[in-house]
Amino acid sequence: MKILWFTNTPSNYSLDSSGYGEGGWISSLETEMRKHKEIQLAVAFFHRDTCFKKSCEGVVYYPMHKASSLISKTDRFFRISAQDEKEISLCMKVIEDFKPDVIHIFGTESCFGLLCKRTNIPTVLHLQGLMAPCINAWVPPFYSLTDYFFAEGFSPSRVVLRIRGWAFNRHAAEREKEIMRSCRNFIGRTDWDKSYVSISAPHARYFHCDEILRPAFYVPGTRKKASRPTFVSTLSSPLYKGHDMVLKTAKIFKDTCVSDFEWHIYGISSIRLAEKKTGIRATDVNVVCKGTASAEKLREALLSCDAYIHPSYIDNSPNSLCEAQILGVPVLATHVGGVGTMMGEDAIDSIVPANDPYQMCFKMVQIIQNNKEFDTSKSKMTAAARHSPEKITQTLFSIYEAVSREA
């Protein structure tokens, strides 16, 4: 069976000499799929490379190149809506060349989902983050769009880029509605995204399939006790990831519970806007932004902490949370989006309402005072079964078979 993926990342494709590098969960899935010779896989994505296609280790890569002239870049910057047709035309050339039996689209964030109504080839769309709910939570409480636009200072170029980014994401949220209406098959993994499909695409079929984590997190490890209470979070730049929640919780924790602790934030280098809006300096409340880290470094950090904390205002199924679970690390998380599904039915002692730093602080105290109340053996086994590469690939093959029968 010939399967064509459209992805927002290059997966295992790279321009370096080896051709490969560390990637996210799609990269891990591709690596597993290569083991199954009954599948002929192609991966298409937007990329700076100008070649039409390359083959490596049985996978055909299509690095779709957008025009790079100044006029083209300017047009893309100012005419957001007009770019969809140009990008879809590149996708159609890939489809015509590879002639897939099934098209697998990852995410509703890009134009790829518009292919559902442009081709008769059976297509399935894999839900990741959902744009409309994210836009709804884009500016958390006590922030404004003005705060967001000036988050990186008053430099005119930076402000223009932030405004353009907001406009693009608003466009993506509107485009997502069209994509949901036109797609007949969806893959998801939480009760939340299943509910979203039932509302936005009641005509469609929904298939459940979990995600493969990065290889480093399948390696067994022993948890180590740090010299002082230590917490870890992995965040990205959007404000809805809960930067302010971290600072507010850390201040309460330091002022009323434990003064000597560490809270390490991976994935970002600073949370300046949250500091400005809350009036809380990260260094004053023992919060340290560590920037990006390799999977191996993050694994070691998780194995050395008391708990992983996920403070987001919206999320579907954050793999950072799942990576902590599979290592047997206690997890505390806000009960938003699909996080409840990831945490499981018995997680009442580990979830708190969004934007409730007092409840989060209470749970942190429980963690460090009595670890027995947070036995992670069950969640560890659940995560191991949920993220089994063999189970996931077999489930995906079954989905491809079901979707292909539409032809």
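The values are calculated or read from the model by the stated rules, or taken from the named source; none is laboratory data. On a predicted model such as this, the values are computed, not experimentally measured, just so you know. Note that we place each Cβ from the backbone using ideal geometry, even for glycine, and neighbour counts take in every protein chain shown. All accessible areas refer to the heavy atoms of the entire protein, side chains included, with ligands and DNA or RNA removed. Shrake-Rupley method; radii C 1.70, N 1.55, O 1.52, S 1.80 Å.
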Practice problem: Take the residues in region 220-244 that are under 23 Å from Ala384 (Cα atoms) and of a type in the set (Gly, Ala, Ser), then tell me which one is modelled with the highest pLDDT. | Solution: Ser233
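Looking only at region 95-121, filter to residues that are of a type outside the set (Phe, Trp, Tyr) and closer than 18 Å to Met33 by Cβ; which one of those is surrounded by the most Cβ atoms within 10 Å (Cβ to Cβ)? So that I can check it myself, show each step before the final result.
Initially, region 95-121 is screened for residues of a type outside the set (Phe, Trp, Tyr), giving 95-97, 99-105, 107-111, 113-121.
So of that shortlist, the ones also closer than 18 Å to Met33 by Cβ come out as 100-105, 107.
Details: Pro100: 23, Asp101: 17, Val102: 23, Ile103: 26, His104: 24, Ile105: 29, Gly107: 22.
Within region 95-121, the match that is surrounded by the most Cβ atoms within 10 Å (Cβ to Cβ) is Ile105.
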Exercise. May I ask you to list the residues in region 275-304 that are of a type outside the set (Ser, Thr, Tyr) and assigned to a loop (DSSP other than H, G, I, E, B)?
Key: Gly279, Ile280, Arg281, Asn286, Ala293
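Taking the conditions exactly as written (within 22 Å of Ile314 (Cβ to Cβ) and either surrounded by fewer than 22 Cβ atoms within 10 Å (Cβ to Cβ) or within 22 Å of the chain's Cα centre (by Cα) (or both)), does Phe168 satisfy them or not? Spell out the reasoning first.
Working: within 22 Å of Ile314 (Cβ to Cβ): yes; either surrounded by fewer than 22 Cβ atoms within 10 Å (Cβ to Cβ) or within 22 Å of the chain's Cα centre (by Cα) (or both): yes.
Yes; evaluated as a whole, the condition is true for this residue.
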Quiz item: On the given criteria, is Ile179 β-branched (Val, Ile, Thr), part of a helix (DSSP H, G or I) and open to solvent by 10 Å² or more (accessible area, probe 1.4 Å)?
Solution: no
Exercise. Taking the options Lys378, Lys363, Lys391, name whichever one is open to solvent by 10 Å² or more (accessible area, probe 1.4 Å), in contact with a Leu (Cβ under 6 Å, 6 or more places away or on another chain) and either closer than 24 Å to Tyr218 by Cβ or part of a helix (DSSP H, G or I) (or both).
Key: Lys363
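Examine region 2-19 for a residue that is assigned to a strand (DSSP E or B), surrounded by fewer than 18 Cβ atoms within 10 Å (Cβ to Cβ) and in contact (Cβ under 8 Å) with a residue 60 or more places away in the chain, and state whether such a residue exists. Walk me through how you get there before you give the answer.
Within region 2-19, the first condition is being assigned to a strand (DSSP E or B), and the residues that meet it are 2-6.
So of that shortlist, the ones also surrounded by fewer than 18 Cβ atoms within 10 Å (Cβ to Cβ) come out as 2.
Next, from what is left, pick out any that are in contact (Cβ under 8 Å) with a residue 60 or more places away in the chain: 2.
Checking region 2-19: at least one residue is assigned to a strand (DSSP E or B), surrounded by fewer than 18 Cβ atoms within 10 Å (Cβ to Cβ) and in contact (Cβ under 8 Å) with a residue 60 or more places away in the chain.
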Practice problem: Collect the residues in region 40-59 that are farther than 20 Å from Ser110 by Cβ and aliphatic (A, V, I, L, M), keeping them in residue-number order. | Solution: Val59
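Does region 294-312 contain any residue that is aromatic (Phe, Trp, Tyr), closer than 24 Å to Trp192 by Cα and at pLDDT 95 or above? Outline the logic, then answer.
Restricting attention to region 294-312, the residues satisfying the condition of being aromatic (Phe, Trp, Tyr) are 308.
If we keep only those that are closer than 24 Å to Trp192 by Cα as well, we get 308.
Keeping just the survivors that are at pLDDT 95 or above gives 308.
Yes: region 294-312 contains one or more residues that are aromatic (Phe, Trp, Tyr), closer than 24 Å to Trp192 by Cα and at pLDDT 95 or above.
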Quiz item: Can you pull out the residues in region 123-136 that are surrounded by fewer than 19 Cβ atoms within 10 Å (Cβ to Cβ) and touching a residue at least 40 places away in the same chain (Cβ under 8 Å)?
Solution: Gly129, Ala132, Asn136
Quiz prompt | Condition broken by Val329, with the remaining ones in (1) of a type outside the set (S, T, N, Q); (2) in contact with a Cys (Cβ under 8 Å, 6 or more places away or on another chain); (3) farther than 22 Å from Leu298 by Cβ satisfied | solution = (3)
Practice problem: Return the total of residues in region 41-52 being surrounded by 16 or more Cβ atoms within 10 Å (Cβ to Cβ) and within 14 Å of Asp97 (Cα to Cα). | Solution: 4
Self-check item: Subset of region 300-319 [surrounded by fewer than 22 Cβ atoms within 10 Å (Cβ to Cβ) and within 21 Å of Pro229 (Cα to Cα)]
Solution: Glu300, Ala301, Leu303, Ser304
Exercise. Please specify each residue of region 336-360 satisfying the condition of being part of a helix (DSSP H, G or I) and closer than 17 Å to Lys248 by Cβ.
Key: Pro357, Tyr358, Gln359, Met360
Quiz item: Among the strands (runs of 3 or more DSSP E) confined wholly to region 183-273, which include 2 or more residues that are within 15 Å of the chain's Cα centre (by Cα) and among the hydroxyl-bearing types (Ser, Thr, Tyr)?
Solution: 230-234
Exercise. Output the number of residues of region 114-137 satisfying the condition of being touching a Lys or Arg at 6+ places or on another chain (Cβ under 9 Å) and part of a loop (DSSP other than H, G, I, E, B).
Key: 3
Exercise. Can you give me the number of residues within region 231-260 that are of a type in the set (Val, Ile, Thr) and open to solvent by 10 Å² or more (accessible area, probe 1.4 Å)?
Key: 4
Practice problem: Kindly list, by first and then second residue, each pair from a residue in region 351-364 that is among the polar types (S, T, N, Q) to a residue that is part of a strand (DSSP E or B) and surrounded by 21 or more Cβ atoms within 10 Å (Cβ to Cβ), limited to pairs with Cβ atoms under 7 Å and residues at least 6 apart or on different chains. | Solution: Gln359/Val352
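Please work out if Ile351 is within 22 Å of the chain's Cα centre (by Cα) and either of a type in the set (Phe, Trp, Tyr) or under 16 Å from Tyr308 (Cβ atoms) (or both). Step through it out loud before you land on a result.
Values: within 22 Å of the chain's Cα centre (by Cα): yes; either of a type in the set (Phe, Trp, Tyr) or under 16 Å from Tyr308 (Cβ atoms) (or both): yes.
Considered against the rule, which asks whether it is within 22 Å of the chain's Cα centre (by Cα) and either of a type in the set (Phe, Trp, Tyr) or under 16 Å from Tyr308 (Cβ atoms) (or both), Ile351 comes out as yes.
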Practice problem: Looking at (1) open to solvent by less than 30 Å² (accessible area, probe 1.4 Å); (2) farther than 26 Å from Met343 by Cβ, find the lone condition where Arg205 falls short. | Solution: (1)
Quiz item: Given Glu152, Glu174, which one is within 21 Å of Ile88 (Cα to Cα), of a type outside the set (Val, Ile, Thr) and free of Cβ contacts under 8 Å to residues at least 24 places away in the same chain?
Solution: Glu174
Exercise. Filter region 70-94 for residues that are open to solvent by 50 Å² or more (accessible area, probe 1.4 Å) and of a type in the set (A, V, I, L, M) and give the result.
Key: Leu70, Ile71
